[in-house]
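The next block holds one structure in the form of structure tokens; read it before the comments.
The values are calculated or read from the model by the stated rules, or taken from the named source; none is laboratory data. Keep in mind the model is a prediction, meaning the values are calculated, not measured. Because the Cβ atoms are built from the backbone with ideal geometry, glycine has one as well, and the counts that use them run over all protein chains shown.
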Amino acid sequence: MIKRIKLGLICRFLFAALFVFCVSAAAAPAHAQLVQQYFPADIPGYSGNFGASVVNRMMMLNQTNGIQVGDFIIRPVVSENAGYNSNVLGVSGSGSAEAETSASVRVNSNWARDAIGASLSVDNHRYFALPEASFTNWTAGVGGSVNLGNDIATVAYSHLNLNLSATDLGVFGVVTPAPYTVDDVRLSYQKLFSRFSVTPLLEYESFNFGQSSGANVVNFDSLSHQTVIGGVTGRYNVSPGNAAVVILRTSDAQFSSQSTGSSNNSYIDYAGFLGVDFRSDAVLQYRALFGAESRNFTQSTAATITAPVFELDAIWLPSDLDTITATIARRLDDPASPFARNQTLFEGRLELDHELRQNVFLTAYAALGKSDSQSNVAGVASENETQEHFGVGARWYLTQHVSASLSYGFSHSTASGNSTVTTTTNTIETSSGSFTSNVIMVGVNLFE
């Protein structure tokens with residue numbers, strides 16, 4: 001009993017310290033970008049939404065006990081993958097053998113009510129025929145939640161060291177990888193009123209861009225920016241696990257550099273969604289959100305952009321051995337591009353996961369992405385891009401601590417438009433074009 005009280009006091013102390021840090025950071029200037037796929041989804045504050053799938057069951061059935069240290073569980077993972085990428089830079093003649101080395105460790109508390117977790121990951125990509133295309137990403141995050149009666153307070157922080165790729169959707173003017181960092185702090189508080197809950201959210205993000213390497217050196221410092229995001233989510237539980245949802249969000253974005261064109265990108269954004277979030281059914285779970293988003297460029301003559309937006313996510317389990325996952329979204333994005341901050345993105349993905357055996361899992365997917373960038377920099381034309389992807393993969397759990405993987409992916413991209421992109425130190429010509437890439441990888445994973 002005494003030990004439990006001490007642990008509770010420690011958790012509340014950590015929460016208080018992170019709370020002070022979050023509030024202090026939120027007082028700084030502002031801006032945003034969609035990099036959610038890099039945030040650590042296994043710590044409080046960044047948790048994912050769906051759990052009942054073959055993929056998650058695969059992870060749970062083959063997950064080891066980890067390393068128990070007091071009330072914490074430590075789970076390290078090391079992976080080595082090798083293969084060939086036929087088009088690394090999105091231009092002809094950029095094929096190369098590839099090696100990807102990754103390692104991660106996550107630590108989670110094993111408490112009944114409160115929670116705290118941390119993670120660290122490193123991902124190194126090496127292209128032997130194109131050393132200038134090689135890059136390393138690494139991320140670190142920490143988060144905690146405290147139960148206060150019926151309420152839950154959550155705070156989280158992440159630091160990301162990432163790289164823009166020439167083959168990313170809606171990214172123009174990038175040749176070799178362009179490094180950037182993200183610091184993200186978020187604070188939320190869920191207030192429960194019987195069936196109804198209200199969750200306000202405050203988030204601060206800081207983006208800092210560096211210089212690409214190789215013969216085509218480009219300084220992307222003009223993209224550096226900050227954002228403050230405020231929002232509130234209301235949920236009404238119509239039945240256990242099923243809820244009607246209302247989301248309101250506003251973002252204030254400011255660019256730190258006043259070089260050519262960059263000041264035109266500062267904006268204030270408003271968005272609202274209505275929808276449902278149904279997860280009680282063991283066979284079909286889905287979330288459907290529909291709304292509108294409006295973006296006003298505060299330091300520019302660019303017109304205000306208002307667009308319908310939506311997000312649809314569904315998981316269907318037609319059998320105990322199969323999961324079908326579908327996602328469709330349309331939104332106004334904040335692309336990492338030197339010339340556009342009013343890009344509309346549409347993305348759709350369909351994935352099938354099948355449990356062939358208790359220790360063998362198969363995956364197949366198809367995806368479509370479209371970007372429409374109406375530039376608000378004088379003299380710069382619009383850019384549009386369409387990408388199609390499909391791929392297959394297999395993972396075989398050889399032992400409780402070792403798995404092997406094999407995957408193949410195909411991508412095709414078509415871009416249209418012709419523009420001149422100006423950064424702080426360079427002028428880049430971008431034009432219509434397309435690329436096709438084929439990637440095949442084989443790997444081994446070690447985990448505890």
Looking at the stretch 349-371, which of its residues are within 29 Å of PHE220 (Cβ to Cβ) and either at pLDDT below 85 or surrounded by fewer than 19 Cβ atoms within 10 Å (Cβ to Cβ) (or both)?
ARG349, ALA367, LEU368, LYS370
Restricting to the stretch 297-324, give me the number of residues that are in a strand (DSSP E or B), among the aliphatic types (A, V, I, L, M), crowded, with 18+ Cβ neighbours inside 10 Å and out of contact with any Gly (no Cβ under 7 Å at 6 or more places or on another chain).
3
Is it the case that the stretch 333-345 has a residue that's acidic (Asp, Glu), modelled with pLDDT of 90 or more and surrounded by 18 or more Cβ atoms within 10 Å (Cβ to Cβ)?
no
For the condition modelled with pLDDT of 70 or more and part of a loop (DSSP other than H, G, I, E, B), what is the one hit in VAL78, VAL91, VAL107?
VAL91
Are there any pairs, at least 6 apart or on different chains, whose C-beta atoms fall under 6 Å, with the first in the stretch 119-143 and touching a residue at least 60 places away in the same chain (Cβ under 8 Å) and within 13 Å of GLY214 (Cα to Cα) and the second of a type in the set (Ser, Thr, Tyr) and part of a strand (DSSP E or B), and if so, which?
ALA133/TYR127
Considering only the stretch 105-152, state which residues are small (Gly, Ala, Ser) and surrounded by 18 or more Cβ atoms within 10 Å (Cβ to Cβ).
SER109, ALA115, GLY117, ALA118, SER119, SER121, ALA133, SER134, GLY141, GLY143, GLY144, SER145
Working only within the stretch 94-104, note down all residues that are assigned to a strand (DSSP E or B) and surrounded by 15 or more Cβ atoms within 10 Å (Cβ to Cβ).
SER96, GLU98, ALA99, GLU100, THR101, SER102, ALA103, SER104
